[in-house]
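Here the structure comes first, spelled out in structure tokens, and everything after it is commentary.
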Amino acid sequence: MHPVPPPHRTRYIQTELGFHERLFVAVLTSKATLNTLAVAVNKTVGHHFTHLLYFTGLRNAKVPHGLALVHHGDERPVWLMYETMRYIHQHFGGDFDWFFIMQDDTYAQAQQIKTLVSHLSINQDVYLGRAEEFIGGDEQTHYCHGGFGYLLSRSLLFKLSPFLDSCRNEILSVRPDEWLGRCLVDFLGISCVSQHQGQYYRSFELAKNADPEKETGEEFWGAMVVHPVAEATLMYRLHKQFSRIELDRTYQEIQQLQVQIQNLTALLPNGEAGPTWPVGINAPFVPRSRFEVLSWDYFTEQHLFSCHSGAPKCDLAGASKADVADIIQAALQQLNQRYQPQLRFHKRQLLNGYRRFDPTRGMEYTLDLLLEAVTQKGHRRLLAKRVSLLRPLSKAEIIPMPYVTEATRVQLVLPVAVQEADFVSSFLDTFAVNVLDTHDNAGLSLLFIYDPYSAQRVTQMDVFAGVKAMVAELEKRYVEVRVPWISIRMEAPSQVKLMDIISKKHPVDTLFFLTSVWTEVNLDVLNRCRMNAISGWQVFFPVHFQEFNPVLAFQGEQSATSPSTDFLRDGHFDRHVFAEACFYNADYMAARAKLAADTLGQEEALEDLEVLDLFLRHSELHLFRAAEPGLIQKYALRSCNSHLSEELYHRCVLSNLQGLASRSHLAIALFEQEQGNST
């Protein structure tokens, strides 16, 4: 007996269950239009069609960026059509329900094409497009004009494929669309139709030298495809016009829905008080405590009074300036639409401006405007008016991200300065319990940073002798573990200089976790490091939770050693420190090479540079900065190195000050001190 082979299972369950994608789009292009019209098609509709492929008869053509191109090697139009149909059947015939064939001088409204195929049955032989009569042929049979594109169903493509060779040999035609139509009529008896199952294939023939902005007829507005498009600029103008038409339709639908919602409010339990403004948008966020209150940012046309740098006032520039100008213009437009023709408003000045971001609905604005109102008779008057506006959040989209796993090995890098040596024992104990005892796939490397004075006395008294003994004891307890360490002499420790040393000693695919002696490493933090650091895509800078000084935070009401039911209560997320970072060695080396090229090898540029600045200024990777609740640090007064740059030293001091206690704790401490002094 022969052994029964194991059953073959498909890679994806949708293949095994016979599921198909909805639509495949093929674009026929040529040597003359590959770099112009084909690129224009790709820029206007390429992001709407998920499966789009270009076909050409050229050999070894230079492919424009972003185009998926198939070379057939023969520029004869009929031969190109034959090879394209054969290629589609062989490679995609079993994966899609519908096939849309178009030329690169055709503008297609992608959304309407997708809507059309979603309303058609996939179990019928369909040849749908702009029906044209054959030259000198029967008036009862038609072919689909290739310039306006056409749809073929999967069942029809499968029935056509056995006859493609016969059609190539027996049917003579100059036009490829007519050749395909004659092939379908002669061998399958299928003629082109312009409507099927109540769905119409609407097309528009664009006149020579036509201006898309001046086309206002219903035939143009309702067209799914437009042909001929003579040049790429005309393609972009058509796309702009149809986008404007679609936007106007959307606004009309929104207004109609808002009217319907308002008409239904009388039937609700709350009556007309039920719906919120704007109608159809989520209600404003309701804070559950004073810590969740969303703050308003005050601005004028020249200044912003909530600055990222912490300054009380800064110039309004960049995206914020454009945002304010746009919202003022929108407010004027809405006022004029509401009060015309009786009144027309002109802006004189923005008196006050307020904005806040509501995560449930979007950006809210309140503007106090000084307006000049002009009547129909020409009378003018200044008045102040307050308006409220909302820039709602659009539809949430899932950003595609590369695949990562939690099995990647993490290499922890721990720099230790002289003044930090006393804290290493606590770090090693936590590392042993949370990582080594659980056999997690992680390693540890230490960097001992000697200042010039300690380096001179290292033979008489090594300040890191105790730490090195603890490392040796750890390696003796865990036989399979090795914790390498490197001694460095450096007056002002620079993260980039430290990583230069470590980077050369590890493979390029190493995942580094740059940490500090106060970090308590656990499995959750390591896994989030693995998931959020993506090679060639993203680096991760977690924000640790810094506990307050227990002497000030508890004030006798609770022991500093007793556990709190809310483990994130007595502290804050320290956004001034960038000591923790997760990134791949390959990404670091690429950014470091770009830094060397940008600074022409000037070593002084590394003195004040942190790893965050390296990736921010000299890399195209995403920088992910987020609060990490699992990264908790006990209170400790950091020693700020006076040899650091002014910015780094200021951040260190500010971190120490804000890490003392909350404002309420500090207020109680001051009050008790004053009470003690008074007695």
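The values are calculated or read from the model by the stated rules, or taken from the named source; none is laboratory data. Quantities reported herein were computed from a predicted structural model and do not represent experimental measurements. Ideal geometry is used to build each Cβ from the backbone, glycine not excepted, and the neighbour counts take in all protein chains shown.
Residue-level check: of (1) assigned to a loop (DSSP other than H, G, I, E, B); (2) under 30 Å from Asn527 (Cβ atoms); (3) of a type in the set (Ser, Thr, Tyr), Ser655 misses just (1).
Residues in the range 54-69 that are touching a helix residue (DSSP H, G or I) at 6+ places or on another chain (Cβ under 8 Å) and either of a type in the set (S, T, N, Q) or modelled with pLDDT of 90 or more (or both): Tyr54, Phe55, Thr56. Picking from residues in the range 314-344 that are in contact with a helix residue (DSSP H, G or I) (Cβ under 9 Å, 6 or more places away or on another chain) and of a type outside the set (A, V, I, L, M), the one that is surrounded by the fewest Cβ atoms within 10 Å (Cβ to Cβ) is Asp315.
Residue count for the range 34-53 under the criterion of being closer than 12 Å to Asp104 by Cβ, among the hydrophobic types (A, V, I, L, M, F, W, C) and in a loop (DSSP other than H, G, I, E, B): the result is 1.
Could you please let me know if Thr250 is loosely packed, with under 13 Cβ neighbours inside 10 Å and under 17 Å from Ala108 (Cα atoms)? Let's see the steps before the verdict.
Numbers: loosely packed, with under 13 Cβ neighbours inside 10 Å: yes; under 17 Å from Ala108 (Cα atoms): no.
The answer is no for Thr250.
Going through (1) crowded, with 16+ Cβ neighbours inside 10 Å; (2) of a type outside the set (D, E, K, R); (3) out of contact with any Gly (no Cβ under 9 Å at 6 or more places or on another chain); (4) part of a loop (DSSP other than H, G, I, E, B) one by one, Gly94 falls short only on (1). Within the range 352-392, the set of residues being more than 19 Å from the chain's Cα centre (by Cα), small (Gly, Ala, Ser) and not in a loop (DSSP other than H, G, I, E, B) comprises Gly353, Ala373, Ala384, Ser388.
Candidates are the residues of the range 293-306 that are in contact with a strand residue (DSSP E or B) (Cβ under 7 Å, 6 or more places away or on another chain) and among the aliphatic types (A, V, I, L, M); the one that is surrounded by the fewest Cβ atoms within 10 Å (Cβ to Cβ) is Leu294.
Inspection of the range 111-127 finds a residue satisfying the criterion of being of a type in the set (Asp, Glu), surrounded by fewer than 18 Cβ atoms within 10 Å (Cβ to Cβ) and under 22 Å from Arg22 (Cα atoms). All conditions but one from (1) surrounded by 15 or more Cβ atoms within 10 Å (Cβ to Cβ); (2) within 30 Å of His576 (Cβ to Cβ) apply to Ile281; the one that does not is (2). Where helices (runs of 4 or more DSSP H) sit wholly within the range 164-267, those with at least 1 residues that are among the aromatic types (Phe, Trp, Tyr) occupy 176-188, 218-221, 232-264. Among the residues of the range 154-203 satisfying the criterion of being under 22 Å from Phe96 (Cβ atoms) and hydroxyl-bearing (Ser, Thr, Tyr), which is nearest to the chain's Cα centre (by Cα)? Residue satisfying both the conditions and the ranking: Tyr201.
Screening the range 447-488 for residues that are touching a residue at least 40 places away in the same chain (Cβ under 8 Å) and among the charged types (D, E, K, R) and picking the one that is surrounded by the most Cβ atoms within 10 Å (Cβ to Cβ) gives Asp451. Within the set Leu343, Leu370, Leu332, Leu351, the sole residue that is touching a Phe, Trp or Tyr at 6+ places or on another chain (Cβ under 8 Å) and more than 25 Å from Phe285 (Cα to Cα) turns out to be Leu332.
Yes or no: Ser309 without any contact (Cβ under 8 Å) to a residue 24 or more places away in the chain, in a loop (DSSP other than H, G, I, E, B), hydroxyl-bearing (Ser, Thr, Tyr) and loosely packed, with under 10 Cβ neighbours inside 10 Å?
Working: without any contact (Cβ under 8 Å) to a residue 24 or more places away in the chain: yes; in a loop (DSSP other than H, G, I, E, B): yes; hydroxyl-bearing (Ser, Thr, Tyr): yes; loosely packed, with under 10 Cβ neighbours inside 10 Å: yes.
Yes.
When Ala322, Ala330 are checked against the criterion of being under 29 Å from Glu647 (Cβ atoms), under 30 Å from the mean Cα position of the chain (by Cα) and in a helix (DSSP H, G or I), a single residue qualifies: Ala322. Residues being free of Cβ contacts under 8 Å to residues at least 60 places away in the same chain and either among the small types (Gly, Ala, Ser) or in contact with a Lys or Arg (Cβ under 7 Å, 6 or more places away or on another chain) (or both): count how many of those fall in the range 214-259. Total meeting the criteria: 3. I'd like the full set of residues that are surrounded by fewer than 19 Cβ atoms within 10 Å (Cβ to Cβ) and modelled with pLDDT of 90 or more, limited to the range 559-591. Those that are surrounded by fewer than 19 Cβ atoms within 10 Å (Cβ to Cβ) and modelled with pLDDT of 90 or more: Ala586, Met589, Ala590.
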